[in-house]
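Okay, so here's the structure we're looking at.
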Amino acid sequence: VDKKHKIMKIYFAGSITGGREDSGIYKEIISKLSQYGEVLTEHIGLSKLSDKGETDMSDKFIHDRDIDWLMQSDVIVADVSVTSLGVGYEIGRAVENNKRVICLYRKQDSKRLSAMISGSDKVETYYYKSISDIEELFAEILRK
Ligand code: 6K6
């Protein structure tokens, strides 16, 4: 008889107020991640979510709910290509709570990833060019 293992909870982090230019990529990453577990933060990929954020909710509500989800998660996957204060904060909180943290960075010519991410032993950082790179990466590093 197969041992039942519980469904992995995944917290996807991506820029909101930091800029929404990559929201299409976030949507694709979330769709790939859904094959591996339950993604608690699917709204990060919604194109209707602008850099003004979810305006019907208070900042305290958003913060407390997101931290609650972060603490429930088994793994945090963050796209760090667009610089975001909130994503950096979530990564730090996740590391302090001994969560597995996977960062995805799309190399851009004149930009450099923060040393606080690339220099951390507690964060797994991967470089990608296209969504197919990410698909292959997930197959290697995550289990279904
Ligand atoms: C509220 C006020 C201004 O913008 C908002 C945005 N609403 C949000 N809704 C849900 N999650 C949010 C929101 N703002 C930030 N986050 C969390 O921080 C998400 O989990 C993202 O991973 C991250 C984005 O941080 P910023 O600094 O780019 O906004």
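Read-outs throughout are calculated quantities, based only on the coordinates presented, and are distinct from any laboratory measurement. Since the model is a prediction, treat every value here as computed from it, not as a measurement. Please note: Cβ atoms are built from the backbone with ideal geometry, for glycine as well, and neighbour counts cover all protein chains shown.
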So THR17 clears everything in (1) crowded, with 20+ Cβ neighbours inside 10 Å; (2) closer than 26 Å to LYS111 by Cα; (3) among the polar types (S, T, N, Q); (4) within 9 Å of the ligand (Cβ to nearest atom) except one condition, right? Which one?
(1)
Take SER81 and tell me if it is out of contact with any Gly (no Cβ under 8 Å at 6 or more places or on another chain) and closer than 28 Å to SER130 by Cβ.
yes
Which members of the stretch 27-77 meet the condition of being under 17 Å from MET8 (Cα atoms) and among the hydroxyl-bearing types (Ser, Thr, Tyr)?
SER31, SER34, TYR36, THR41, SER73
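Please pick out the residue among ASP133, ASP109 that is part of a loop (DSSP other than H, G, I, E, B), more than 17 Å from GLY14 (Cα to Cα) and of a type outside the set (A, V, I, L, M, F, W, C). So that I can check it myself, show each step before the final result.
Working: ASP133 fails: part of a loop (DSSP other than H, G, I, E, B).
The match here is ASP109.
Conditions tested, residue by residue: (1) among the small types (Gly, Ala, Ser); (2) within 13 Å of the chain's Cα centre (by Cα); (3) away from the ligand (no atom under 11 Å from the Cβ).
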site: LYS32; (1), (2), (3): no, yes, yes
site: LYS48; (1), (2), (3): no, no, yes
site: MET57; (1), (2), (3): no, no, no
site: ILE62; (1), (2), (3): no, no, no
site: ASP74; (1), (2), (3): no, yes, yes
site: ASP79; (1), (2), (3): no, yes, no
site: VAL82; (1), (2), (3): no, yes, no
site: GLY88; (1), (2), (3): yes, yes, no
